[in-house]
Amino acid sequence: MADLRSFVPLLLLIVLGLTTVEAQTSAVCESRNGTSCEECLRNVTCLWCIKTKSCITYPVRTILPPHSLCPLNDARWGLCWMNFQTLIITLAVIGGVIIIALLVCLFCCCKCENFGSSRFEAKMQRQANKTKTKQEERRAEMKQRHDDIRKKYGLSGQNPYSRFA
């Protein structure tokens, strides 16, 4: 509880500082009312309304400027030649395309990678099994041949050299 009491003055200072900054930026924007769009938009916090030819502080709390303040077709922010409605639509389309492209890439890459690796693993397993069976067949043939040679020459008994091993 004592820790919260020590943060209260700090929070009050931050809130007062933000309201002071907001008041100063609104005064800066309203002081540029008789100027041009380019002059108004030099400050990022300002919004130019063509219909009323006024420089307004951008309403940050509402995200989009309300129609009563300035219609979206007549509002300019950042660029004088592009209205706010076009800017929003353009940014939304570009953002949507980027998000869809990322999702498609993630889906395809992950799916193809898993599909390809499982197919590759299965192929490698089949090759290993095939090689193993061939090797066992060859071993069995060689053993059979060696046994036949031992029988032919009468060496079917114990190997005399086995005691040295």
inquiry  = Going through Leu69, Leu91 one at a time, which residue ends up being among the aliphatic types (A, V, I, L, M), within 24 Å of Ala27 (Cβ to Cβ) and free of Cβ contacts under 8 Å to residues at least 60 places away in the same chain?
reply    = Leu69
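Within the stretch 85-99, is there a residue that is in a loop (DSSP other than H, G, I, E, B) and surrounded by fewer than 12 Cβ atoms within 10 Å (Cβ to Cβ)?
no
For every residue, the table says whether it meets (1) part of a loop (DSSP other than H, G, I, E, B); (2) at pLDDT below 90; (3) open to solvent by 80 Å² or more (accessible area, probe 1.4 Å).
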{"position": "Asp3", "(1), (2), (3)": "no, yes, yes"}
{"position": "Ser6", "(1), (2), (3)": "no, yes, no"}
{"position": "Leu11", "(1), (2), (3)": "no, yes, yes"}
{"position": "Ile14", "(1), (2), (3)": "no, yes, yes"}
{"position": "Ala23", "(1), (2), (3)": "no, yes, no"}
{"position": "Cys55", "(1), (2), (3)": "no, no, no"}
{"position": "Arg61", "(1), (2), (3)": "no, yes, yes"}
{"position": "Cys70", "(1), (2), (3)": "yes, yes, no"}
inquiry  = I need a count of the residues in the stretch 28-53 that are in a helix (DSSP H, G or I) and not hydrophobic (A, V, I, L, M, F, W, C).
reply    = 3
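The values are calculated or read from the model by the stated rules, or taken from the named source; none is laboratory data. Bear in mind the structure is a predicted one, so any value in this text is a computation, not a measurement. Don't worry about glycine lacking a Cβ; one is built from the backbone with ideal geometry, like all the others, and counts go over all protein chains shown. Just the protein is used for accessible areas: all its heavy atoms, side chains included, with ligands, DNA and RNA removed. Shrake-Rupley method; radii C 1.70, N 1.55, O 1.52, S 1.80 Å.
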